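Visitor: Handing you a structure now.
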Amino acid sequence: MLRFTLREAAHLLLGLLGAILMAAMIAALTVPAAWHSSEAYAAAVAAQLNAFLHLNFGTSAISGVTVHDELARTLPVTLTLAGAGILIALAIGVPVGLLFSAGPVRRAAAPLIQIVAAAPIFCASLALIALATHFGWPVAMAHGGGASLADLRADPETSSRALKVALLPALTVGLAGAAAVQLALRRAGSESSRKPYRTGLRRMGLSALEIERVYVVPEALSGLAASLGEITLALFAAAAVAEWVFETPGAAVLFVKSLALGDWTLAGAILAVFAAIKFAADFIGHVGAHLISNPGEGA
C-alpha cells in the first residue's frame, strides 16, 4: 500500500508541476512579442514560470486587480458550488448508478440514459429557471446577480433568499455530477459483469443478489473512487455553465470570460488551480480505489 501511495504521490507532484507549466505557457501569451517569435515565446514562458514558482501570479489585464485577489474573491464561490454539487451528485448518482449497473436494468434503461446524457447542462439550467419562475422560487438577488458568499453572511431575510437562489446552480452542478457518478458506476458494473468468477460463484450456490452485494458493489465503488478526478472535471464544467446562466460570480465563469477577453494571465492561473484540484482528486480517488479493492493492505 505504501509503495502504491508513493507512486500516486509522484504522479500528483508531476501533475502539479505540469499545471504550473501550463499556466506559464498560457500567461506568456500576454507578451505581444510571444505571438510573433518562438524564441520570444520561450523567453516569456521562462519568465512566467519563474514568477509563478515565486508565487507572483501577476495582475489581471482586464480588471487591473491582482490574480491572487481575483482568485480569493471567486474561487470560494466555485468550490462551494462544487461541494454542494458533489453532495447532490452522490445522493442521486450512487443509487441510480448501482441500479443501472445491474445487467437487466442496464439493458432496459440504456435508451433513457442516452437521452438524459444527451441533454446539455445549459438546457437543464434553463429548465430549472422556468420551473422556479413558474412556482415563484427566486432566481436572483435584489441586486440582479446570483447569490454570493457575502449574501449568505447578511441579515436572516437576505440569507434565506440567497440560499434559495444558490440552490438552483448547485442543483444544476449536482445533476451534472450525478450523471458522471452513475456513468462511472455503470461502467464499473459493466466491466464486472464480464468477469468469469460469476459463473463459478453461481455454481457454488451463491444467488445473483449475494454476488452483486459481496463482489460487484465493492468493484463498482472502487470504480467510482477511481473516477473522482473525472467527476471533479464534470463538476467544474457544469459550474462554468451554472455560474454564467445564474450570474454567480465564481472562478469557473471568470475563466471563460478571461479567455474571451484575452486575459491570459488570469486564465492560466485559474486553469492551473482547477488542474491541481483535479490531480489531487485523482490521487485521493486512486488511493481510495486501491484500499477498496485490497482492504487487507490498509491494515
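The values are calculated or read from the model by the stated rules, or taken from the named source; none is laboratory data. Worth saying up front: this structure is predicted, and the values here are computed from it rather than measured. We place every Cβ from the backbone using ideal geometry, glycine too, and count neighbours over all the protein chains shown.
Visitor: Kindly provide the set of residues from region 2-14 that are at pLDDT below 90 and either at positive phi or small (Gly, Ala, Ser) (or both), ordered by number.
Guide: Passing the criteria: none in range.
Visitor: Within region 229-277, how many residues turn out to be closer than 23 Å to Ala51 by Cα and either assigned to a loop (DSSP other than H, G, I, E, B) or in contact (Cβ under 8 Å) with a residue 24 or more places away in the chain (or both)?
Guide: Adding up the residues that qualify gives 20.
Visitor: Another question, if that's okay. Kindly establish whether Gly58 is out of contact with any strand residue (DSSP E or B) (no Cβ under 9 Å at 6 or more places or on another chain) and on the phi > 0 side of the Ramachandran plot.
Guide: No; evaluated as a whole, the condition is false for this residue.
Visitor: One residue is enough: does region 281-295 have a residue meeting the conditions acidic (Asp, Glu) and assigned to a loop (DSSP other than H, G, I, E, B)?
Guide: Taking every residue of region 281-295 in turn, none turns out to be acidic (Asp, Glu) and assigned to a loop (DSSP other than H, G, I, E, B).
Visitor: Mind telling me which of the residues Trp264, Trp244 ends up being touching a Lys or Arg at 6+ places or on another chain (Cβ under 9 Å) and crowded, with 17+ Cβ neighbours inside 10 Å?
Guide: Only one candidate passes the filter, namely Trp244.
Visitor: Right, another one. Out of curiosity, is Arg198 modelled with pLDDT under 90 and buried (at least 18 other Cβ atoms within 10 Å of the Cβ)?
Guide: Yes, satisfied.
For every residue, the table says whether it meets (1) at pLDDT 70 or above; (2) hydroxyl-bearing (Ser, Thr, Tyr).
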residue	(1), (2)
Glu191	no, no
Ser207	no, yes
Gly229	yes, no
Thr232	yes, yes
Ala239	yes, no
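Visitor: In region 48-67, how many are more than 17 Å from Asp263 (Cβ to Cβ) and surrounded by 15 or more Cβ atoms within 10 Å (Cβ to Cβ)?
Guide: 1
Visitor: Give me a count of the residues in region 1-21 that are under 23 Å from the mean Cα position of the chain (by Cα) and either closer than 30 Å to Leu291 by Cβ or among the basic types (Lys, Arg) (or both).
Guide: Here the count works out to 14.
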